Each structure stands twice: as structure tokens, then as C-alpha cells.
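Only one structure is covered here, and it is reproduced in the block below.
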Amino acid sequence: MQVIIFDTETFGKIVSLDSNVENLSDWPKIKQISWRIFDLNGNLLKNENHYFTESELNKQEILKTFVDDFKNSKLGVAHNFLFDFKVIAAELI
């Protein structure tokens, strides 16, 4: 079993956390995403940290890698999970 711990930083602010992720203008763009994956013994398995400009071309590829890592983990941990999850979802639309 592995655990993923992640965080995002964004350009700007959200309109409302209740906004639909399909309303892209309600969501700020991600300027940084980082995640670490650990096994249950606390061993670091993967460490990722990516910064983006507002027009970054490889952002989708990196976010898809994050989603794959998230899907392969049994537990996800984030300081503001709902916000991070929705911002990532909006970026992938």
C-alpha cells in the first residue's frame, strides 16, 4: 500500500469552492503542484515538484502523471483536499 501527499499553489482565487469544475473561469490556474508517495513504513517512493507559467505546455502531461499516481495510492492526504482536487480537475478539462 502506498500513500500520496500532495499540494497545489495557484494564480488567483476561486469564485466559490461550490463552483462546478466545468465553469473554468471560476477556478484559478495551477502554478505549482508537488506530491510525494510513501510506503507504509515511511519510505519515500517518489518525489515530484513542478512549477508552471500561466501558459505552460506540459502541464496536462504532468497533471495526468499525478492522477495516475493518485489512482495507484490507497490514501490521499492534502491540507485543503477539496480545493486541490477541484483545481486539478478544472485544469484537466
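Values for this structure:
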item	result
Residues within region 39-57 that are within 21 Å of PHE11 (Cβ to Cβ) and open to solvent by 50 Å² or more (accessible area, probe 1.4 Å), tallied	7
Where a residue in region 68-88 is touching a residue at least 12 places away in the same chain (Cβ under 8 Å) and its partner, wherever it lies, is open to solvent by less than 30 Å² (accessible area, probe 1.4 Å) and of a type in the set (D, E, K, R), with Cβ under 7 Å and at least six apart	ALA78/ASP84
Sole residue being of a type in the set (S, T, N, Q) and under 13 Å from VAL77 (Cα atoms), chosen from GLN2, GLN32	GLN2
Residue in region 58-91 that is modelled with the lowest pLDDT, counting only those that are open to solvent by less than 60 Å² (accessible area, probe 1.4 Å) and within 18 Å of ASN23 (Cα to Cα)	GLU91
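The values are calculated or read from the model by the stated rules, or taken from the named source; none is laboratory data. Bear in mind the structure is a predicted one, so any value in this text is a computation, not a measurement. Because the Cβ atoms are built from the backbone with ideal geometry, glycine has one as well, and the counts that use them run over all protein chains shown. Side chains are part of the model used for accessible areas, which takes the heavy atoms of the whole protein and leaves out ligands, DNA and RNA. Shrake-Rupley method; radii C 1.70, N 1.55, O 1.52, S 1.80 Å.
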